[in-house]
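Note sheet for the following structure.
Every number here is computed from the coordinates shown, using simple stated rules; none is lab data. All of these numbers come straight from a predicted model, not from anything done at the bench. Glycine gets a Cβ as well: all are built from the backbone with ideal geometry, and neighbour counts include every protein chain shown.
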Amino acid sequence: MPGGNLTRDEARERARLVAVDTYRVALDLSGAKDLSAATFRSTSTISFSCAAPGASTFLDLIAPQVLSVTLNGESLDPAAVFADSRITLPSLQARNEVTVVAECAYSRTGEGLHRFVDPADGRVYLYTQFEPADSRRLYANFEQPDLKASFTFDISAPAGWHMSSNAAARSRLPVVEGAARWLFSPTERISTYLTVVVAGPYHVVRDHYARVLPDGTTLEIPLAALCRASLAEHFDAEAIFEVTKQGLDFFHEVFDYPYPFGKYDQAFVPEYNLGAMENPGCVTFTEDYVFRSKVTDASYEGRAGTILHEMAHMWFGDLVTMRWWDDLWLKESFADFMGTYAQVKATRWTNAWVTFANRRKAWAYRQDQLPTTHPVVASIDDLEDAKLNFDGITYAKGASVLKQLAAYVGEEPFLEGARRYFKRHAFGNTTLADLLAALEETSGRDLGAWSKAWLETDGVNTLALDRGAIVQSGAPGRLEARPHRIAVGTYAAADGGVARIGRAELDVTGTHTPIEVLPDAFTLINDEDLSYCKVYLDQEQLAWLEERLSSVRDPMARSLVWSSLWNMTRDGELPTTRFVGFVDRHAAGETEIAVLQSILAQTTAALDLYLAPGRRAAVADLAAATARRELAAAAPGSDHQLVWLGFTAATAVSEADFELLEDLLDGGTVLDGLTVDADKRWTLLRALAAAGRADDARLGAELAGDNTAAGHRHHAGCLAARPDQAAKAAAWRLVVDCGDQPNDLLRELLEGMAQADQTTLLEPFVEPYFAGLDRIWAERTIENARRIVSLGFPRLLVAPETLARADSWLSTGGHAPALRRLVAEARDDLARALRARAVG
Ligand SMILES: [Zn+2]
């Protein structure tokens with residue numbers, strides 16, 4: 001559908017022609033509980049001006065049927081004007097009003113208006129998700145970020161439901177025939193992708209935030225937190241409100257611009273495609289953040305980071321919005337940076353930069369080494385391009401370089417630049433140049449060269465120590481050297497641990513920068529994580545760390561070393577056997593739980609992908625032994641105990657390992673402080689199912705005892721994990737032949753299928769995968785298709801034949817560019833695994 005894939009040129013032209021005043025959007029969702037009804041009535045009335053009377057333009061709408069189009073009092077024939085996801089508006093006047101009445105479809109893929117039935121109680125829930133361009137699945141509109149307008153929603157829905165949108169409800173009309181009607185206040189001027197509807201029998205908890213502003217007035221912000229009724233018993237709304245208030249305090253202090261959108265709702269919704277979305281006044285989150293089983297503090301840290309990221313968007317993204325998706329990074333990098341910054345300054349997670357250094361940056365480094373990487377400031381030609389750029393570059397690399405920028409120009413000038421930018425562009429749209437202009441004014445620096453090196457060229461550089469110098473290199477064909485401001489730490493044994501005994505800060509500009517290196521000490525390049533780079537360790541450093549890594553007291557230093565070890569393993573510079581050796585000796589000493597979780601996830605990936613087959617058995621045995629030893633040794637009730645339990649399930653290989661899992665499940669083995677609750681039971685069962693130790697009847701019985709949304713997902717994943725050709729075929733059919741499926745379920749099925757020791761069972765799916773790619777891309781929604789393409793790729797068949805098959809697909813023409821990009825990325829991961837296996 002080329003009409004659905006709006007281009008930048010078309011958007012530019014339309015913005016030149018059209019300025020939008022208001023939308024009035026009436027939705028009739030009163031029949032939503034009737035699942036046989038696939039659609040709902042949507043009426044959109046738009047008032048707008050046209051700079052060139054007589055010209056024509058178009059509205060965007062993805063809908064099964066348009067019932068009527070009325071432009072300036074004249075009725076247009078829908079069959080004549082509605083085609084290819086667009087409605088043509090001919091012969092515009094200087095002032096125009098258009099009304100479109102359409103039947104729009106409920107979604108099952110989380111794009112547009114998603115409808116979900118709770119298996120636990122049969123209740124129906126709705127919510128919307130639009131970025132970058134799915135509000136046109138809810139109502140006809142001009143779907144581009146720079147055509148802002150004020151929106152007034154008028155929504156009918158079953159009586160007894162809760163209803164949220166961006167603005168507060170102005171009035172609620174009496175119930176007629178079982179339906180209530182909510183009239184909302186007009187919103188501030190916002191972009192279409194930021195509008196929102198959350199409707200259903202949600203459990204709602206309320207609170208309140210107030211603050212005296214510098215002018216003496218009091219800003220009142222009503223707060224609400226929502227989740228499904230069946231999750232209410234697990235909903236810790238107080239903890240969510242605590243972070244929310246810390247964030248509101250903090251952002252008011254640093255931004256000096258009062259929160260502009262009235263109330264602040266936070267809705268935790270089912271089958272959500274991403275972490276969260278910053279709709280002004282009503283943020284939506286994945287309900288994975290409602291913890292029904294015990295989780296580690298890393299999960300609470302992650303949730304707080306997301307709450308603060310979305311809140312930063314209220315100013316950066318919602319109040320001031322990028323003109324087009326080229327500058328998507330402007331809001332995402334800024335929110336990612338500010339979210340972590342606020343977490344460190346305003347919450348109990350004062351080590352959030354350590355987690356950032358290890359996790360967020362791993363995401364960026366991976367993405368930045370793919371053949372499809374791009375500069376932070378990307379050229380986004382159309383909406384399909386935009387969709388794929390919600391990636392590790394846009395979020396994590398962008399945030400890393402903003403962190404670097406704040407250090408470079410100074411924190412205060414950086415924040416003052418942001419304050420000016422908000423005031424200057426409030427309710428408007430901007431590009432990178434507008435932000436740089438504000439920052440140059442407040443810092444007095446020319447940021448042109450910095451922007452060129454960090455925002456406008458791609459790739460990551462590597463720094464390494466070599467005979468008294470820091471040597472910088474880049475990947476072939478990329479920038480060989482960038483200017484880094486870094487810290488270098490010197491670490492030595494002291495008082496039974498390892499402490500930093502020296503620190504220097506210096507500029508690394510070229511390929512060769514001499515530094516002073518002390519003997520019998522460890523020199524950490526990029527200490528404190530000031531710059532964005534990979535750091536390689538030499539043999540002497542590795543040997544030193546093998547003895548002492550977990551004795552290093554500073555968590556940031558340890559986290560950076562782990563990051564180096566992982567990057568070297570991925571790059572084939574460190575044998576996987578040696579990486580697992582580090583894990584065996586030092587992982588248990590890692591105090592930062594988020595870092596430990598990421599180290600163990602990396603270990604599992606390395607075991608699956610990077611080990612030469614001849615070495616696999618011995619190294620897998622070592623990992624399993626490490627897991628069991630540390631599970632037994634972990635403090636009762638600790639986060640470490642939970643993490644090692646997960647790793648024990650992930651690495652189980654021997655009869656004794658599986659017996660332990662069985663005993664933990666049936667209560668035969670009891671570990672002090674450990675409750676094997678619902679999600680942990682499924683974790684153990686998944687490992688047993690993959691080993692052929694849990695049959696249909698047993699998995700069915702478990703589901704009967706956990707008839708919840710999560711239970712159904714886990715059950716599907718366990719069925720797919722069984723070492724059985726029929727089980728694999730059944731999962732594959734559900735993925736490719738059953739129309740649009742919820743993305744949570746697709747993920748579960750594809751991840752369940754992919755078991756590293758079942759490669760023979762996976763071989764029959766290689767041909768159908770490549771043969772079906774173009775059809776899947778054409779027929780499925782993009783969120784659906786991208787999961788199938790990425791997770792369905794035969795990544796575990798690490799062999800030259802798989803690589804050749806991928807290359808032959810890539811060498812043929814006619815594939816959609818965004819699809820080609822995803823396959824090229826998966827192909828690159830496979831080539832990387834082959835290289836890593838060679839060093840093993
Ligand atoms: Zn964001």
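Worth a mention:
- Per residue, the convex hull volume that the Cα atoms of segment 234-316 enclose (Å³): 92
- Surrounding net charge for residue 353, when Lys and Arg each add one and Asp and Glu each subtract one, Cβ distance under 9 Å: -1
- Where only C-alpha atoms are counted, convex hull volume of segment 67-117 per residue in Å³: 109
- Mean projected area in nm² (Cα convex hull; one quarter of hull surface) for segment 380-457: 5.7
- Computed from phi, the 3J(HN,Hα) profile of segment 23-28 under the Karplus parametrisation 6.51, -1.76, 1.60 (θ = phi - 60°) reads 10, 10, 10, 9, 10, 10 Hz, with x in place of Gly and Pro.
- Using alpha carbons only, the radius of gyration of segment 478-636 set against its Kirkwood radius gives Rg/Rh = 0.98.
- Hydrodynamic radius (Kirkwood) for segment 95-224, which is based on Cα pairs only, to one decimal in Å: 16.7
- With the simple spin-label model, which puts each label point 7 Å out from Cα in the Cβ direction, the residue 663 to residue 171 separation comes to 7.0 nm.
- Student exercise, segment 186-264 dipole from Lys, Arg, Asp, Glu Cβ charges, in Debye to nearest 20: 340
- The C-alpha atoms of segment 655-705 occupy a region whose extents along the principal axes are 31, 26, 15 Å, arranged from largest to smallest.
- Length-normalised contact order of the chain in % [C-alpha pairs under 8 Å, at least 6 apart]: 9
- Those residues of segment 506-546 whose amide nitrogen sits under 20 Å from the label point placed on residue 585, 7 Å along Cα→Cβ: 519-525, 536-546
- For the chain, the 222 nm mean residue ellipticity estimated from helices alone, with every DSSP H stretch of n ≥ 4 adding -39500 (n - 2.57) and the total spread over all residues, rounds to -13500 deg cm²/dmol.
- Taking every alpha-carbon pair within segment 491-532, the share separated by more than 14 Å comes to 55 percent.
- For the chain, the residue among 167, 622, 519 whose Cα projects farthest onto the positive side of the dipole built from Cβ charges is 167.
- Value of Rg/Rh across the chain [Cα atoms, Kirkwood radius]: 0.96
- Each part reduced to its alpha carbon centroid, segment 492-544 and segment 148-211 end up 55 Å apart.
- Cross-link partners of residue 680 among lysines (Cα-Cα below 19 Å; sequence separation of 8 or more within a chain): 294
- Both radii were evaluated on the Cα set of segment 1-125; the Rg over Rh quotient, with Rh as the Kirkwood radius, amounts to 1.04.
- Furthest towards positive pole of dipole, 601, 275, 823, structure part the chain, Cβ charges: 823
- Label zone at residue 517, where the point sits 7 Å out along the Cα-to-Cβ direction: segment 554-584 residues whose backbone N lies under 20 Å: 557-558, 560-569, 573-575
- Calculated SAXS-style log₁₀ I(q)/I(0) at q = 0.21, 0.26 Å⁻¹ - segment 753-840, Debye, Cα scatterers: -1.04, -1.46
- Label point 7 Å beyond Cα of residue 41 along Cβ direction - residues of segment 159-184 with amide nitrogen under 20 Å: 159-161, 172-184
- Charge dipole (Cα centre; +1 on Lys/Arg Cβ, -1 on Asp/Glu Cβ; no other charges) of the chain amounts to roughly 700 debye.
- Peptides 746-756, 776-786, 209-219 ranked from most to least packed give 746-756, 776-786, 209-219, packing being the mean of other C-beta atoms within 10 angstrom over each peptide's residues.
- P(r) tail fraction, segment 414-537 - alpha-carbon pairs more than 26 Å apart, %: 40
- Taking each residue as 0.36 nm, the span from residue 638 to residue 83 lengthens on full extension beyond its C-alpha to C-alpha distance by 193.9 nm.
- Charge dipole (debye, nearest 20) of segment 1-157; +1 at Cβ of Lys and Arg, -1 at Cβ of Asp and Glu: 120
- Multiplying the residue separation of residue 55 and residue 236 by 0.36 nm and removing their Cα-Cα distance gives an extension gain of 59.7 nm.
- Point-to-point label distance, residue 390-residue 295, nm (Cα→Cβ direction, 7 Å offset): 1.8
- Annotation: extensible slack from residue 65 through residue 824 equals 269.5 nm (criterion: 0.36 nm per residue apart, minus Cα-Cα distance).
- Whether segment 328-472 is rounded, prolate or oblate, judged on the alpha carbon gyration tensor where a/c under 1.5 counts as rounded: rounded
- The simple Förster model, with R0 at 56 Å and r as the Cβ-Cβ distance, assigns residue 618 and residue 411 a FRET efficiency of 0.65.
- Each label was represented as a point 7 Å from its Cα along the Cα-to-Cβ direction; for residue 345 and residue 480 these points are 4.0 nm apart.
- When the charge dipole of the chain is built from unit charges on Cβ atoms (+1 for Lys and Arg, -1 for Asp and Glu) and taken about the Cα centre, the candidate among 329, 56, 243 whose Cα reaches farthest toward its positive end is 56.
- The simple Förster model, with R0 at 30 Å and r as the Cβ-Cβ distance, assigns residue 675 and residue 363 a FRET efficiency of 0.40.
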